[in-house]
Amino acid sequence: MNKYQEYLSTRCIECTDAQFSTFEKIYQSTIETNEKFNLTAITEKEAFFDKMIVDSALAIIDLDLTNKKCIDVGTGAGFPGLIISTLCPKSELTLLDSSNKKINYLSDLKDQLGLSYNTVCSRAEDYAKNNREVFDYAFARAVAPLNILLELIVPMLKVGGVFVALKGPASNEELKASVSTMKKLNCHLQNIYVDALLDSKEERSIIYIVKDTNTNPKYPRDYADIKKKAL
Ligand code: SAM
């Protein structure tokens, strides 16, 4: 077992040697594709494993995603989605991003990695209008402030579904700014898990928000309105 597998194991996240070798392939592919178009600023291997892979793996701590409908909103080059798909192959995972080239890249990568996920190229707010109350879990990392993400994501969740927001050290401020948004969207804060990454020791917060009732059909509003004034 290497240090990353050990770190994950102490958090009850099993990562087999085969799954770790998929992570190596994800690293290689991201770096090769980075030469054609920009996927990540983090290219040094140890930093990539720490800040992209281990960071993304923390998304599944304490979750059983077997047969659960999940979505990674604003997946970019596949984070946390590719890592969730590797560690939870029985999840029914959708990777969504508005960038055509990133979604084409992830679609081509699926067979190379032997993973199973759907890809969707759409803006989250457009997708949410036609895919309401569908998902058990939604994930988002480095996409937008929490009060904006909530309006994009909560409509997609089933009642009782959970939004898992991967955030850095400023999570308390984002939560404070989201109190009225959560009220209007009929959802509540369930828990916050705080941890430090293995190598960099950077702090990470995972925020769990549960949807309580069906979302009013007027949400999400158009993105310009969401950005102008969060709920
Ligand atoms: N989640 C990835 C990660 O952690 O590496 C990507 C982060 S990147 C900074 C933000 C991504 O969110 C971009 O790929 C962008 O295209 C996507 N994005 C931003 N707003 C979006 C929206 N409203 N709908 C869909 N994708 C969006």
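The values are calculated or read from the model by the stated rules, or taken from the named source; none is laboratory data. These numbers were taken from a predicted model, which means no experiment stands behind them. A quick note on method: Cβ atoms are made from the backbone with ideal geometry, for glycine too, and the neighbour counts reach across all protein chains shown.
Observations on the model:
- Near pairs, Cβ below 7 angstrom, 6+ apart or cross-chain, from the stretch 39-53 (under 18 Å from residue 166 (Cβ atoms) and more than 10 Å from the ligand (Cβ to nearest atom)) to any residue that is in a loop (DSSP other than H, G, I, E, B) and β-branched (Val, Ile, Thr): 48/42
- Selection count, the stretch 101-119, where residues are surrounded by fewer than 18 Cβ atoms within 10 Å (Cβ to Cβ) and within 11 Å of the ligand (Cβ to nearest atom): 1
- Of the strands (runs of 3 or more DSSP E) contained entirely in the stretch 122-231, those carrying at least 1 residues that are modelled with pLDDT of 95 or more and over 18 Å from the mean Cα position of the chain (by Cα) fall at 157-167, 187-196.
- Selection count where residues are without any contact (Cβ under 8 Å) to a residue 60 or more places away in the chain, crowded, with 18+ Cβ neighbours inside 10 Å and over 10 Å from the mean Cα position of the chain (by Cα), scope the stretch 61-79: 1
- Residues of the stretch 136-147 classified as within 8 Å of the ligand (Cβ to nearest atom) and either free of Cβ contacts under 8 Å to residues at least 24 places away in the same chain or buried (at least 16 other Cβ atoms within 10 Å of the Cβ) (or both), total: 4
- Residue match in the stretch 85-100 (condition: at pLDDT 95 or above, assigned to a helix (DSSP H, G or I) and within 11 Å of the ligand (Cβ to nearest atom)): yes
- Failed criterion for residue 75 (all others in (1) within 11 Å of the ligand (Cβ to nearest atom); (2) under 14 Å from residue 120 (Cα atoms); (3) touching a Gly at 6+ places or on another chain (Cβ under 9 Å); (4) not in a loop (DSSP other than H, G, I, E, B) hold): (4)
- Just one residue in the set 133, 35, 151 is surrounded by fewer than 16 Cβ atoms within 10 Å (Cβ to Cβ) and out of contact with any strand residue (DSSP E or B) (no Cβ under 6 Å at 6 or more places or on another chain); that residue is 35.
- In the stretch 148-172, residue nearest to the ligand (Cβ to nearest atom) [restricted to those that are farther than 20 Å from residue 219 by Cβ and in contact with a Leu (Cβ under 9 Å, 6 or more places away or on another chain)]: 166
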